[in-house]
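Reviewing the structure listed below.
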Amino acid sequence: MRAPNQLGGAFPFPGTSITVNRMGYGAMQLAGPGVFGPPNDVAAAIAVLREAVESGVDHIDTSDFYGPHITNQIIRQALHPYPKGLTIVTKVGAKRGADGSWLPAFSREELIAAVHDNLRNLGLDALEVVNLRSMFGIHGPAEGSIKPMLAVLAELQRQGLVRHVGLSNVTAAQVAEGRRLCEIVCVQNHYNVARRADDALIDDLAKDGIAYVPFFPLGGFTPLQSSTLYEAAAVLETTPMAVALAWLLQRSPNILLIPGTSSLAHLRENLSAAELELPGEILEKLNGIGLAA
């Protein structure tokens, strides 16, 4: 079993009692193709979750619109009753169409229903962290006020159903707006060694100890392809994906990783990145990937 302190070091969420290892796990890929419907092999999905936790993962990212409902139900089946210290972070603000499309779900009624769906399918009395997923842009951040949605989450906080609030798929202006309205403990956006639009935002959040959690850290539905990554992996005798994750861990101390997979082999590869120290000359070359993109 891998010792917890080997998973990238510990990170305390600001203003909370939560401390997690920086290498976590994203559960999105536990659903079927396109994050829709059940997986072909539920037993394999359960095995991945159990090995992740046994290896020291104490931060799992999920949502009830993965599947929908499927991913949370698998998490509950695999891990409930949950081990002490496990933090499950979920998100609301979207829903799935009958055809698998991704749709906004921003109304008060939809947000309340989403929180209750997460509670029911995870088997929890309260959600530790709920990210509001902005859907002004489906495939990336777009401007628009998030005040009405955060007001609903604040109401659910007062009821004790939500303990802490984060943001996802947001612009820097929306992060600033959110921080004026309530305490934001984490921001989850698309970011990786080749996609670097949030560099300034990451640095700003780091000053205040707010977690930045990149989704698609390995490129997402289009995996990262870079000769620089492959060359670095050859030198270090590891894999390009492990190098890409290690780069993120060394990019900033407030970055938490949630790489997802439904494969035990890929899970082990991802976790190995927490032990990988990138030398300065390789870091410099990797930094150039984003600058050239």
Distant-in-sequence amide H partners of Thr87 (H built 1.01 Å from N, under 5 Å): His59, Ile60
statement: The aspartates and glutamates whose Cα lies under 18 Å from the Cα of Lys84, excluding any fewer than 8 residues away in the same chain, are Glu51, Glu54, Asp58, Asp61, Asp125, Glu128
query: Between Val165 and residues 5 or more places away or on another chain, which pairs have amide H atoms under 5 Å apart, with H built 1.01 Å from N, and which residues are they?
result: Val130, Val185
- prompt: Hey, what did segment 1-128 get for relative contact order, percent, Cα under 8 Å, at least 6 apart?
  reply: 22
field: Under 11 Å, Cβ to Cβ, from Arg179 - net charge with Lys/Arg +1 and Asp/Glu -1
entry: -3
Phe136, Phe216, Phe221 arranged by Cβ crowding within 10 Å, fewest neighbours leading: Phe221, Phe136, Phe216
- line: Which residues qualify? For Gly26, with a placed amide H closer than 5 Å and at least 5 residues away or on another chain, they are Asp61, Gly260, Thr261
message: Once each part is reduced to its C-alpha centroid, what is the distance from segment 87-110 to segment 144-173 in angstrom?
response: 14
query: Using the alpha-carbon atoms, what tilt in degrees (0 to 90, nearest 10) does helix 70-79 show relative to the longest principal axis of the chain?
result: 70
task: Rank by packing, highest mean first: peptides 238-250, 8-20, with packing defined as the count of other Cβ atoms within 10 Å averaged across residues.
output: 238-250, 8-20
message: Limiting things to C-alpha atoms, what are the Rg and the maximum Cα-Cα separation (Dmax) for the chain, in angstroms?
response: 18.0, 53
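Could you tally the net charge around Leu205, taking each other residue with its Cβ under 12 Å from the Cβ of Leu205, Lys/Arg +1 and Asp/Glu -1?
Details: positive: Arg179, Lys207; negative: Asp198, Asp199, Asp203, Asp204, Asp208.
With Lys, Arg at +1 and Asp, Glu at -1, the net is -3.
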P(r) histogram, all alpha-carbon pairs of segment 10-107 included - 5 Å bins from 0, percent: 3, 13, 23, 22, 17, 13, 8, 2, 0
message: Among the listed pairs Lys95/Lys147; Lys95/Lys207; Lys95/Lys285, which have their C-alpha atoms separated by more than 30 angstrom in this model?
response: Lys95/Lys207; Lys95/Lys285
query: Going by how many other beta carbons lie within 10 Å of each one, how would you line up Phe65, Phe215, fewest first?
result: Phe215, Phe65
task: Find the centroid of the Cα atoms in segment 199-245 and in segment 184-198, then give the distance between the two in whole Å.
output: 10
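Read-outs throughout are calculated quantities, based only on the coordinates presented, and are distinct from any laboratory measurement. Computed from a predicted structure; not experimentally measured. Here the Cβ is made from the backbone with ideal geometry for all residues, glycine too, and neighbour counts use every protein chain on show.
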